[in-house]
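S.K.: Can you keep this structure in mind? I'll have questions shortly.
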Amino acid sequence: MADLEYTVADGIGTILLNRPHRKNAFTMDMIDVWAEALRDARTDPDVRVVVLTGAGDAFCSGVDLDRRDGAAPPTPLQRKESLTERIHRIPYALEDLDKPVIAAINGVAVGAGMDMALMCDMRIMARSARLSEGYVRVGLVPGDGGCYYLPRLVGTAKALELLLTGDFIDAEEAGRLGIANHVVDDADLDGAVSTLARKIADGPPVAIRTIKRAVYQSARSDLRTALDLISSHMAVVTSTEDSAEALAAFREKRPGRFAGR
């Protein structure tokens, strides 16, 4: 079986980190496949929403620090390039992907594993799952975007506490902090993720993609710019067949039937 599997079924693309014997620590080869899967999801009209999860009892324990294959220690430039040229392709690909991405956090997520979850648009956590930035415990800085994503979710002070201590937080605390959208019993995780993904996948895709884009655009804009953008978005969206079908379905009290489904 592949270390990373990407499948598409009924409008939902699923990226499975599949190294349970290593708590789904990722390798650079996995990053290559991961980035390609996100690029495919971006252009595939059959994909409406993407789910990221891990096999076994872990979500992701970060980069596999033991996969050096006997090579000499990397130079500072090589370390930087391994991030900028390979690992950072994941957050860049996610930024380019205007389809919603859900992290199904089924177990521990540490360091880069936590950051990979933070990059997603939404997170559903199993009650037994735990999170830790962890980098400081091994004398590192968050190389995958933790210093960017975490403060935007929990605020600067709490983000600094988590980043500077590397302390673990449980799923309930993650929910209170706004990291997790939902916390569910372990046995209910797959069902909760499937329900949310299905609800999104069954919605009008043009409107859903535009809403996601508008939310992130607005976070980086002043009010006038955000309202100007949304007026343009509204003008385009209301001209689409998706919009007409959604309105008809609402009036007729029936599920929408959108292109490609």
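S.K.: Rounded to the nearest 0.05, what FRET efficiency do ALA2 and SER231 have when you use their Cβ-Cβ distance and R0 = 51 Å?
M.R.: 0.70
S.K.: Treat the stretch 1-134 as a sphere of radius equal to its Kirkwood radius over Cα pairs and apply Stokes-Einstein at 20 °C in a medium of 1.002 mPa s; give the translational diffusion coefficient in µm²/s, rounded to a whole number.
M.R.: Approximately 142 µm²/s, per Stokes-Einstein.
S.K.: Also, I was wondering about something else. Hey, could you pull the Cα Rg and Dmax for the stretch 172-261, both in Å?
M.R.: In order Rg, Dmax, the Cα atoms of the stretch 172-261 give 16.7, 46 Å.
S.K.: Can you tell me which of PHE168, PHE26, PHE59 moves the most in a GNM of the chain? Springs connect C-alpha atoms under 10 Å apart.
M.R.: Judging by the Gaussian network model, the answer is PHE168.
S.K.: What is the extension gain from ARG213 to GLU252, computed as 0.36 nm multiplied by their sequence separation minus the C-alpha to C-alpha distance, in nm to one decimal?
M.R.: Full extension of this stretch gives 11.2 nm more.
S.K.: So which residue, out of GLY107, GLY134, GLY145, gets the largest mean-square fluctuation from a GNM of the chain using Cα contacts under 10 Å as springs?
M.R.: Of GLY107, GLY134, GLY145, the most mobile in the Gaussian network model is GLY145.
S.K.: While we're here: Counting alpha carbon pairs within less than 8 Å and at least 6 residues apart, what relative contact order, in whole percent, applies to the stretch 179-261?
M.R.: Computed over the stretch 179-261, the figure is 29 percent.
S.K.: Where does the chain land at 222 nm, in deg cm²/dmol rounded to the nearest 500, when only DSSP H runs of n ≥ 4 count, each adding -39500 (n - 2.57), divided by all residues?
M.R.: Calculated mean residue ellipticity at 222 nm is -13500 deg cm²/dmol.
S.K.: Further, regarding this structure: May I ask you to list the trypsin sites (Lys or Arg not before Pro) in the stretch 145-227 that are in a DSSP loop and have at most 10 other Cβ atoms within 10 Å of their Cβ?
M.R.: Passing sites in the stretch 145-227 are ARG220.
S.K.: Here's a follow-up. Go through the stretch 63-108 and name the GluC sites (Glu not before Pro) that are in a DSSP coil and have 15 or fewer other Cβ atoms within 10 Å of their Cβ.
M.R.: Filter output for the stretch 63-108: empty list.
S.K.: Here's another thing I want to ask about it. Among the helices of the chain (complete DSSP H runs), which have Cα atoms covering no less than 15 Å along the helix axis and a Kyte-Doolittle mean of at least -1.0?
M.R.: Those that pass (Cα extent of 15 Å or more, hydropathy at least -1.0) are 28-43, 189-201, 205-219, 223-237, 241-252.
S.K.: Further question: Whole-Hz ³J(HN,Hα) for each residue in the stretch 56-65, computed from phi via Karplus 6.51 cos²θ - 1.76 cosθ + 1.60 with θ = phi - 60°, x for glycine and proline: what do you get?
M.R.: x, 9, 9, 7, 6, 9, x, 6, 7, 6
S.K.: Another question about this same structure. Skipping prolines and chain starts, which residues have an amide H placed within reach, meaning under 5 Å, of the one on ALA25, given they are 5 or more residues away or on another chain?
M.R.: Sorted by chain and number, the residues that satisfy this are SER61.
S.K.: Percent of Cα-Cα pairs per 5 Å bin, from 0 to the last occupied bin, for the stretch 1-49, please list those.
M.R.: Cα pair-distance distribution for the stretch 1-49, in percent: 5, 22, 29, 20, 15, 8, 1.
S.K.: Now a separate question. With 10 Å bins from zero, work out the P(r) of the stretch 32-109 over every alpha carbon pair and list the percent per bin.
M.R.: Reading the bins upward from 0: 15, 39, 33, 12, 1.
S.K.: For the chain, what is the charge dipole size about the Cα centre, in debye to the nearest 20, if Lys and Arg each add +1 at the Cβ and Asp and Glu each add -1 at the Cβ?
M.R.: 500 debye
S.K.: Among GLU241, GLU173, GLU36, determine the one that fluctuates most according to a GNM of the chain built with springs between C-alpha atoms less than 10 Å apart.
M.R.: In the Gaussian network model the winner is GLU241.
S.K.: I've got another one for you. Report, to the nearest whole %, how much of the accessible area of the chain belongs to carbon and sulfur atoms, 1.4 Å probe, protein only.
M.R.: Using a 1.4 Å probe with all protein chains present, the chain comes out at 57 percent carbon and sulfur.
S.K.: Towards the positive end of the charge dipole of the stretch 34-184, with charges on Cβ (+1 Lys, Arg; -1 Asp, Glu), say which of ALA35, ALA126, ALA171 has the farthest Cα.
M.R.: The residue sitting most towards the positive pole is ALA171.
S.K.: Separate question: As an exercise, take the mean of 1/r over every pair of distinct alpha carbons in the chain, invert it, and state the Kirkwood radius in angstroms.
M.R.: Mean inverse Cα-Cα distance, inverted, gives 19.5 Å.
S.K.: Where only protein heavy atoms count, and the probe is 1.4 Å, what is the accessible area per residue for the chain in Å²?
M.R.: Heavy-atom SASA per residue in the chain reads 53 Å².
S.K.: Throw me the Rg/Rh for the stretch 115-162, computed over C-alpha atoms with Kirkwood Rh, two decimals.
M.R.: Using Cα coordinates only, the ratio equals 0.95.
The values are calculated or read from the model by the stated rules, or taken from the named source; none is laboratory data. Please read all numbers here as calculations on a predicted model, not as lab measurements. Heads up, the Cβs are rebuilt from the backbone with ideal geometry, glycines too, and the neighbour counts pull from every protein chain shown. Remember, those area values only see protein heavy atoms, side chains included, never the ligands or the DNA or RNA. Shrake-Rupley method; radii C 1.70, N 1.55, O 1.52, S 1.80 Å.
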